[in-house]
Amino acid sequence: MVRHTFSQITHDILSDLAVVRDRGVLPEFWPPLSVTLNNADRAGLAHLARFLENRSLARLNEATLWSRVLFPLLMMAEQPPAEAWSGVTLRAEFSRFILEGTLDGVIGFSRSGNLRRPFLVVAEAKRRVEASDPQPQLFAELLAVAHANRLVVQTEPQELFGCYTIADIWTFVHARVEGFDADRPRLEVVLSREYAGWVEAETVLGLLKGIVARSLAAWQQYDV
């Protein structure tokens, strides 16, 4: 059985592993997911803004950008029992291949310190010389997470969300995965437009909180 790590996935490899239906950017899909921010949310964004003032985000190294800008936004979207986690190791065994590696960040259900079901996967694009397109990596991670979630609750299709960041630019993805036992599982994705970093931080946080609220409502019937 062939093993693939998330960071090595290309569009060609992904198309061999799964049937991917990419519906492209559908701007009208995303605004209904967003929620209105409260005063505490705006205060949190103002606190982050003080760190970002007069700094060039493009020149921050990846670890600093993740810890000081990106992950705090994920934490602000938390709503118990949904929590943000970083550096999550995952392995998913399909009928003819294995996907494995470490997820930069997720939001999922957490009980007693255990992550039970991620429903939002975040991939931070690398900016070194060997940097590559972050889309196939994120799509592979969504496949793997959907597979793990199906082991918790035996339903198809599995619905979940993802996003990839390039510096502080966010692009969201809605995913539906089914056919887990087939040679090539099926993945359907809908993308958002790019959200222009800190300029649109309220929009990004509104979407993150909306995704959390939708996922909590969808899964409240299950003991996850």
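None of the figures in this text is laboratory data; all of them are computed from the coordinates on show. Keep in mind the model is a prediction, meaning the values are calculated, not measured. Here the Cβ positions follow ideal geometry from the backbone for every residue, glycine too, while neighbour counts run over all protein chains shown.
For this structure, a couple of remarks:
- Each Lys or Arg adds one and each Asp or Glu takes one away; over the other residues whose Cβ falls under 12 Å from the Cβ of Val190, this sums to 0.
- Per residue, the chain reaches -9500 deg cm²/dmol at 222 nm when only DSSP H runs of four or more residues are counted, each adding -39500 (n - 2.57).
- Simple label model, 7 Å out from Cα along Cβ direction - Trp85 to Val25, nm: 3.3
- Net length available on complete extension from Asn114 to Ala40 is 23.9 nm, with 0.36 nm assigned per residue and the Cα-Cα distance removed.
- With the simple spin-label model, which puts each label point 7 Å out from Cα in the Cβ direction, the Arg214 to Asn61 separation comes to 3.7 nm.
- One compactness figure for the chain is 0.98, namely its Cα radius of gyration divided by 2.2 N^0.38 Å.
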